[in-house]
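Novice: Structure provided below as structure tokens; questions to follow.
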Amino acid sequence: MARIAGTTAEPLPAGTGAGRRALHAAGWAMARAAPILLLGLAWEALAMSGTLTFYQLPRLSAVLVRIWTDAAAGDLLLNTGVTLYRALTGFAIAAVGGVILGMAMSRNAAVRWLFDPIVSVGFPMPKITFLPVVMLWLGVYDVSKIAMVVLDAIFPVVTATLSGIAGVDRHLIWSARNMGASRSELLWQIVLPAASPQIMTGLQVALPVALIVAVLVEMLMGGYGLGAAMVHAWRFADSHGVFAGIVEIAVVGYVLVKAMSLMRRRLLLWHQEALAPSTV
Amino acid sequence: MSAVVRYLPLLLLAAAWEVASRLGIVSSLALPALSEVALAWVEMLRSGELVTNGASSLWRGGAGLALAIVVGAALGIAMAWWRPVNAALGPLVEMFYPMPKSALIPVTAVWLGFGDGSKILLIFLGCMLPVTIGAFNGARGSDQALVWSARSMGAGRLKVLWDVVMPSALPEMLNGIRTALALAFILLVSSELIVARDGLGNLIGYLGNNGTYDAMFAVVLTVAFLGFAADRVYQALMGRLLAWRE
């Protein structure tokens, strides 16, 4: 996940105290928040100016009030929880299943023969098209929603695992074998750790995909969840609800992606990429 | 020969599909036989249903993606080239990039209604940021020594931008466009399933509601194949465009 860096803090003058450093950091945080605040102000001003109707663009303040009332009524918590449950369950299944499948494909020629064409043809396909088929088979409840998330999120994990394992330094494997490592020791102590940065990248691609698909299937099938609430509001021409949904979904997406990249930094602290200037 | 061996699993899958449906292992309602799906496909091709809906989907996807590529690339390179642009837009890009793009479907429908406009806007907005980030990272990573040499040999800023920065941004930008291409298909089909009067996604929903599942499977497979083919063609094109590198 590429992150817009380039706005890293400038070097501090030598000998500054902790107070000035905190001030400096606060200044940077404000400089970074300014464009977002400006966008919010522009939204409010445009909505107030009367060039658009409140149906086309409700005022930001009204949308925030709407989010607050939704939160107070408990709807927001319920819908966010349901969406997160579907996205994260699907993501977890895809992560575990994808890594296992990738490992099996790289170790066993028969498994590779069977799955290689399926993965290479299935990856670039728009899997969301199969939604009506999955609905036909599994109904409209959580099972089919989570199945759709898994179907979409598993491909990046499998391909990342495959290329991660293929890229493990041969010398590492040879030395480990030479020192008498068994097959399972080789897998758990050498191959998987060495491949983990790439597997992590695959997971970082899969997580936003899982969330996109979770919101989409809620929009298409209804039931609770942020996507369903948004489409429901839209059907009743309640554009405050629609815009509240956008803000809520954007916040959830931002938090998830940030949490994932923090986790990567934690988990891969031992890897040399942690020393390099981070673009992730 | 090796291609046959390689793709044999897919043929086996197709054969298993046909057999499972023919022998009644799976209800033919849930899984119409592959041969019936093929017949339905030919029938729809002949009646023109597939072509007209396909054309309107293709127009929406193509127009939205083209806009996203042009605007996204321009934004990304501008952000890498002028610091003030980066300071102004960087935080916004970082905030909106992780947003699940599907959330925009109802909003674009509120703005532009049920027709082509809302889909084109949706695909434009949804696909722009991957292109922007690719172009930004690519342009930012251009070799500083090359920029300096070009400058010292008397190239103007715009000339450096065009002759040095653009080519070195190309590989990452093309990767970003590949992500955008996949996203465009997802957004196109799902927005047509939710709000549209025509298009392949709409056709799938319509046939599914009608219970004509053999035709629905035919359209589903068509869209899946189009997505796959678009990616393969794009990869070939990308190889062409980057042939000058080593």
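Novice: Starting from the residue with the highest accessible area, list A:118, A:249 in decreasing order, probe 1.4 Å. Please list the in-between numbers first.
Specialist: Details: A:118 55, A:249 0 Å².
Reading off the accessible areas and sorting them downward yields A:118, A:249.
Novice: Charges at C-beta only: +1 for Lys and Arg, -1 for Asp and Glu. How large is the resulting dipole of chain B about its Cα centre, in Debye rounded to 20?
Specialist: Working: 16 positive and 14 negative charges, 153 e Å.
Using Cβ point charges on Lys, Arg, Asp and Glu, chain B gives about 740 debye.
Novice: Still on this structure: What residue among B:178, B:140, B:157 shows peak mean-square fluctuation when chain B is described by a Gaussian network model with Cα springs under 10 Å?
Specialist: B:157
Novice: Using a 10 Å cut-off around each Cβ of peptide B:184-196, what is the average number of partner chain Cβ atoms that fall inside?
Specialist: Values: counts 1, 6, 9, 4, 3, 6, 11, 2, 0, 7, 5, 3, 0.
Rounded to a whole number, the mean comes out at 4.
Novice: Over the protein assembly as shown, how many pairs of lysines fall under 30 Å by alpha carbon, counting only those 8 or more apart in sequence or from different chains?
Specialist: Lysine pair count for the protein assembly as shown: 10.
Novice: Please compute the net charge surrounding residue B:29, taking Lys and Arg as +1 and Asp and Glu as -1 over other residues with Cβ under 13 Å from its Cβ.
Specialist: Values: positive: none; negative: B:36, B:214.
Taking every other residue near residue B:29 into account, the sum is -2.
Novice: A further question on this structure: Debye calculation, C-alpha points only, no solvent: report log10 I(q)/I(0) for segment B:67-109 at q = 0.18 Å⁻¹, in the same order as the q values.
Specialist: -0.63
Novice: Residue by residue through segment A:36-43, what is 3J(HN,Hα) from phi via Karplus (6.51 cos²θ - 1.76 cosθ + 1.60, θ = phi - 60°)? Round to whole Hz and write x for glycine and proline.
Specialist: Using θ = phi - 60°, the values come out as 5, 4, 4, 4, x, 4, 4, 4 Hz.
Novice: Another question, then. What's the angle, to the nearest 10 degrees (0 to 90), between helix A:226-235's Cα axis and the longest principal axis of chain A?
Specialist: Taking the Cα atoms of chain A, the angle to A:226-235 is about 40 degrees.
Novice: Considering every residue in B:106-113, what mean count of other chain Cβ atoms within 10 Å of its Cβ is obtained? It would help to have the intermediate numbers written out before the result.
Specialist: Numbers: counts 14, 9, 0, 3, 9, 5, 1, 0.
Counting Cβ atoms of other protein chains within 10 Å of each residue's Cβ and averaging gives 5.
Novice: For chain A, set up a Gaussian network in which alpha carbons nearer than 10 Å are linked by springs, and say which option among A:104, A:31, A:233 fluctuates the most.
Specialist: A:31
Novice: Mind computing the radius of gyration and Dmax over the alpha-carbon atoms of the protein assembly as shown? Å is fine for both.
Specialist: When restricted to Cα atoms, the protein assembly as shown yields Rg and Dmax of 24.8, 82 Å.
Novice: Still on this structure: What are the semi-axes of the equivalent ellipsoid of chain A, taken as the square roots of 5 times the eigenvalues of the Cα gyration tensor, listed largest first and rounded to whole Å? Write down the numbers at each step before the final one.
Specialist: Details: eigenvalues 317, 190, 37 Å².
Largest first, chain A gives 40, 31, 14 Å.
Novice: If you fit an axis through the alpha-carbon atoms of helix A:60-73 and take the longest principal axis of the Cα set of chain A, what angle between them do you get, 0 to 90°, nearest 10?
Specialist: Computed tilt is about 70 degrees.
Novice: Tell me the label-point distance for the pair residue A:170, residue A:254, using the 7 Å Cα-to-Cβ offset, in nm and rounded to one decimal.
Specialist: 4.8 nm
Novice: Which whole-angstrom value gives the distance between the alpha carbon centres of segment B:159-230 and segment A:43-88?
Specialist: Between the Cα centre of segment B:159-230 and that of segment A:43-88, the gap is 29 Å.
Novice: Count the net charge of all other residues whose Cβ sits under 14 Å from the Cβ of residue A:239, scoring Lys and Arg as +1 and Asp and Glu as -1. Can you show the working numbers first?
Specialist: Values: positive: A:59, A:66, A:235; negative: A:238.
Surrounding charge for residue A:239 is +2.
Novice: Taking the solvent-accessible surface of protein heavy atoms with a 1.4 Å probe, what is the per residue accessible area of segment A:59-275 in Å²? Working shown, then result.
Specialist: Details: 10090 Å² over 217 residues.
With the other protein chains kept in place, segment A:59-275 gives 47 Å² per residue.
Novice: So if I place +1 on the C-beta of Lys and Arg and -1 on the C-beta of Asp and Glu, and nothing else carries charge, what would the dipole magnitude of segment A:59-275 be about its Cα centre? I want it in debye, nearest 20. Intermediate values should be presented prior to the final figure.
Specialist: Values: 15 positive and 11 negative charges, 89 e Å.
Dipole magnitude for segment A:59-275 comes out near 420 debye.
Novice: Among A:213, A:63, A:121, which one moves the most in a GNM of chain A with springs linking Cα atoms closer than 10 Å?
Specialist: A:121
Novice: Moving on. What does the structure give for A:242-248 when I average, per residue, the other chain Cβ atoms found within 10 Å of the residue Cβ? Each step should come with its number before you reach the end.
Specialist: Working: counts 6, 3, 0, 3, 6, 2, 1.
Counting other chains' Cβ atoms within 10 Å and averaging over A:242-248 gives 3.
Novice: Can you give the relative contact order of chain A as a percent, counting alpha carbon pairs under 8 Å and 6+ residues apart? Kindly include the intermediate steps, with their values, before the conclusion.
Specialist: On the way: 268 pairs, mean separation 67.5, N = 280.
Relative contact order, chain A: 24 percent.
Novice: Still on this structure, please answer the following. Ignoring ligands and nucleic acids, what accessible area does residue A:171 show with a 1.4 Å probe (Å², nearest 10)?
Specialist: Answer for residue A:171: close to 120 Å² accessible.
Novice: Oh, and also: Percent of accessible area on chain A owned by carbon and sulfur, 1.4 Å probe?
Specialist: Taking all protein chains in place, chain A shows 71 percent carbon and sulfur surface.
Novice: If you count only protein heavy atoms and use a 1.4 Å probe, how large is the accessible surface of residue A:243, to the nearest 10 Å²?
Specialist: Ignoring ligands and nucleic acids, residue A:243 comes out at about 10 Å².
Novice: Order B:49, B:94, B:18, most accessible first, counting only protein heavy atoms with a 1.4 angstrom probe.
Specialist: On the way: B:49 65, B:94 20, B:18 45 Å².
Ranking B:49, B:94, B:18 by accessible area, largest first, yields B:49, B:18, B:94.
Novice: Expressed as an acute angle from 0 to 90° and rounded to the nearest 10, what is the orientation of the C-alpha long axis of helix B:83-96 relative to the principal long axis of chain B?
Specialist: The answer is roughly 20 degrees.
The values are calculated or read from the model by the stated rules, or taken from the named source; none is laboratory data. This is a predicted model, so every value here is computed, not measured. A quick note on method: Cβ atoms are made from the backbone with ideal geometry, for glycine too, and the neighbour counts reach across all protein chains shown. With ligands, DNA and RNA removed, areas are computed over all heavy atoms of the protein, side chains included. Shrake-Rupley method; radii C 1.70, N 1.55, O 1.52, S 1.80 Å.
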